[in-house]
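Input: a single structure, listed below in structure tokens.
The values are calculated or read from the model by the stated rules, or taken from the named source; none is laboratory data. Just so it is clear, the structure is predicted and the values come from calculations on it, not from any experiment. Every residue, glycine as well, gets a Cβ built from its backbone with ideal geometry; the counts of neighbours run over all protein chains shown.
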Amino acid sequence: MNVVNQNPNPAIRRIVVKAYLQFASPALIGSGEKDYSDNDILRDGTGNPFLPGSAMAGSLRALLTTTADGSEAAKKLFGDLKNDRMSPLWVLDSDLFKKSEGSPANVILIDGVAIETENKVAVESAKYDFEAIDAGTRFVLRMMLVLRKDDEETLETYFDSLLTALSRGTVYIGGKTRRGFGRISCQKIERMDFDFKKDPKQISDWAGFDWAGALKEYTPVTPFASEAISSVSVDLKIDGSIMIRDFKDLGKDEQYAHMNVGGQPVILGTSWAGAVKNGLKRLLSDFPGAEAYLDSVLGAKIGDKTIVSLVEFDASVLEKVNEKEDGYRKIVRVKIDRFTGGAANGALFTSRPWFGGKTVLTARFPAERKDIAQLIGLAVDAIDKGLITIGGETSIGRGVLKTLDPQESILKDRADLLSAIGGAK
């Protein structure tokens with residue numbers, strides 16, 4: 001009996017890929033639950049954090065839409081519900097492991113608070129915390145692309161460009177990616193092709209395929225044609241001390257300390273964004289349209305409407321320059337009764353700010369927006385002059401930073417910025 005293949009567009013190839021990845025910054029893979037914090041990470045049935053394939057597929061699809069023909073590419077590679085097209089790309093779930101061990105990933109708790117713009121104090125009832133997967137967490141991303149004769153060439157090109165983006169570390173996943181969270185770095189990519197059209201015997205090879213088997217190391221060859229992104233990195237020194245309050249990992253007699261993530265003292269992207277935006281609002285308050293413009297560029301939540309920030313701020317690690325002088329110091333302070341000049345009853349407290357050292361402020365934005373380049377330049381200039389400070393306790397001199405290598409090219413002309421502010425509504 002002759003068997004006729006009724007499929008007019010059969011699968012002719014399958015490409016399987018394993019990408020060995022790790023989080024270069026903490027990742028917020030939220031579950032929507034609030035058992036351990038205000039926003040818990042996603043856990044499997046055994047309680048261990050994991051990365052669902054749907055989340056990774058969504059991030060890759062969103063990244064693809066930044067290209068010139070991104071909408072069409074996304075529909076072809078990830079499916080199109082309107083045209084009843086199933087995704088030819090399979091993205092599997094990933095287990096998450098510690099950087100140097102085979103045990104489950106570390107989950108860290110990060111504190112946050114909303115700051116009132118005018119007086120730079122905490123908004124009442126606006127303290128929150130959230131779980132994150134620790135930086136350095138490793139995982140293996142497994143994907144399979146099913147190629148059919150009608151779209152073999154274009155699909156493989158789109159897929160290869162995504163692998164290029166992965167290899168270059170330009171993929172982010174999870175929440176607050178505009179604030180430096182969820183950045184993925186790549187160690188290596190492995191690939192195996194099954195070409196049924198070229199060699200029908202490879203059908204049996206595919207039937208016996210095992211993800212644990214050996215794949216060949218692969219280097220993507222297709223450039224990822226994303227929107228042009230400009231990046232500014234400014235070296236800064238801490239002129240004195242800095243305190244972004246953290247209430248975990250404290251000594252027995254400490255009330256709070258400067259924030260650390262995974263054991264490293266940091267300034268999170270959320271802190272940079274808040275300080276820069278609030279500082280610029282004060283500096284530009286005399287310009288009509290400035291607040292609306294800053295909301296459109298740096299993001300805002302206005303009622304039920306969310307405006308996505310056009311500027312990405314990375315988290316900054318604080319580094320020692322002088323091993324003897326820089327680093328955490330325990331400070332004991334007491335509130336003084338202004339009438340008696342003596343110590344107020346029960347007002348002795350201990351904190352652990354960070355003193356000295358250096359860090360790097362990194363911001364990215366669309367290259368065609370010259371006004372944003374000038375806005376970042378204005379913010380850097382204001383930071384250098386002490387007009388924008390970072391963190392809390394600024395009334396006693398904390399949070400002052402100085403530029404080590406000023407970015408002269410973005411600190412001069414303000415014409416595009418003033419024009420953009422004037423045109424904001």
Quick test for you: out of 350, 362, 389, 340, pick the one residue that is surrounded by fewer than 18 Cβ atoms within 10 Å (Cβ to Cβ), within 29 Å of the chain's Cα centre (by Cα) and among the polar types (S, T, N, Q). 362
Can you tell which of 397, 377, 357 is under 26 Å from residue 179 (Cα atoms) and touching a Lys or Arg at 6+ places or on another chain (Cβ under 6 Å)? 357
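With the condition kept exactly as written, say whether any residue in the range 270-278 is within 26 Å of the chain's Cα centre (by Cα) and assigned to a strand (DSSP E or B).
Looking for residues that are within 26 Å of the chain's Cα centre (by Cα) and assigned to a strand (DSSP E or B), one finds none in the range 270-278, hence no.
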Quick one: in the range 56-67, of everything that is surrounded by fewer than 20 Cβ atoms within 10 Å (Cβ to Cβ) and either in contact with a Ser or Thr (Cβ under 8 Å, 6 or more places away or on another chain) or closer than 20 Å to residue 134 by Cα (or both), which residue is modelled with the lowest pLDDT? 67
For residue 345: the one exception among (1) in contact with an Asp or Glu (Cβ under 9 Å, 6 or more places away or on another chain); (2) surrounded by 13 or more Cβ atoms within 10 Å (Cβ to Cβ): (2)
Check whether at least one residue in the range 315-337 is of a type in the set (A, V, I, L, M) and in contact with a helix residue (DSSP H, G or I) (Cβ under 6 Å, 6 or more places away or on another chain), and report yes or no. yes
In the set 43, 61, 85, which member is free of Cβ contacts under 8 Å to residues at least 60 places away in the same chain, basic (Lys, Arg) and more than 25 Å from residue 140 (Cα to Cα)? 85
Would the range 234-252 turn up any residue that is of a type in the set (Lys, Arg), surrounded by fewer than 14 Cβ atoms within 10 Å (Cβ to Cβ) and part of a loop (DSSP other than H, G, I, E, B)? yes
What's the total number of residues in the range 253-277 that are over 12 Å from residue 354 (Cβ atoms) and surrounded by 18 or more Cβ atoms within 10 Å (Cβ to Cβ)? 12
Do you know which residues across the range 295-337 are surrounded by fewer than 11 Cβ atoms within 10 Å (Cβ to Cβ), within 30 Å of residue 178 (Cβ to Cβ) and among the hydrophobic types (A, V, I, L, M, F, W, C)? 302, 308
Can you name the number of the only condition in (1) assigned to a loop (DSSP other than H, G, I, E, B); (2) under 22 Å from residue 28 (Cα atoms); (3) at pLDDT below 85 that residue 110 fails? (1)
Determine the pairs where a residue that is closer than 17 Å to residue 245 by Cβ, located within the range 312-335, has a partner that is exposed (fewer than 12 other Cβ atoms within 10 Å of the Cβ) and among the acidic types (Asp, Glu) with Cβ atoms under 9 Å apart, the partner being 6 or more residues away or on another chain. 330/253; 332/253
Taking the range 155-198 and keeping residues within 30 Å of residue 317 (Cα to Cα), at pLDDT below 90 and surrounded by fewer than 19 Cβ atoms within 10 Å (Cβ to Cβ) leaves 168, 169, 170, 175
Read through the list (1) at pLDDT below 90; (2) touching a strand residue (DSSP E or B) at 6+ places or on another chain (Cβ under 8 Å); (3) not polar (S, T, N, Q), then give the number of the only condition that residue 201 fails. (2)
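Answer yes if at least one residue in the range 68-87 is part of a loop (DSSP other than H, G, I, E, B), surrounded by 19 or more Cβ atoms within 10 Å (Cβ to Cβ) and assigned by TED's automatic domain parsing to the domain that holds residue 174, and no otherwise.
The answer is no, given that none of the residues of the range 68-87 is part of a loop (DSSP other than H, G, I, E, B), surrounded by 19 or more Cβ atoms within 10 Å (Cβ to Cβ) and assigned by TED's automatic domain parsing to the domain that holds residue 174.
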Does residue 213 satisfy the condition of being closer than 26 Å to residue 101 by Cβ and either without any contact (Cβ under 8 Å) to a residue 12 or more places away in the chain or more than 28 Å from the chain's Cα centre (by Cα) (or both)? yes
Considering only the range 181-232, state which residues are among the β-branched types (Val, Ile, Thr) and outside any strand (DSSP E or B). 203, 219, 221, 222
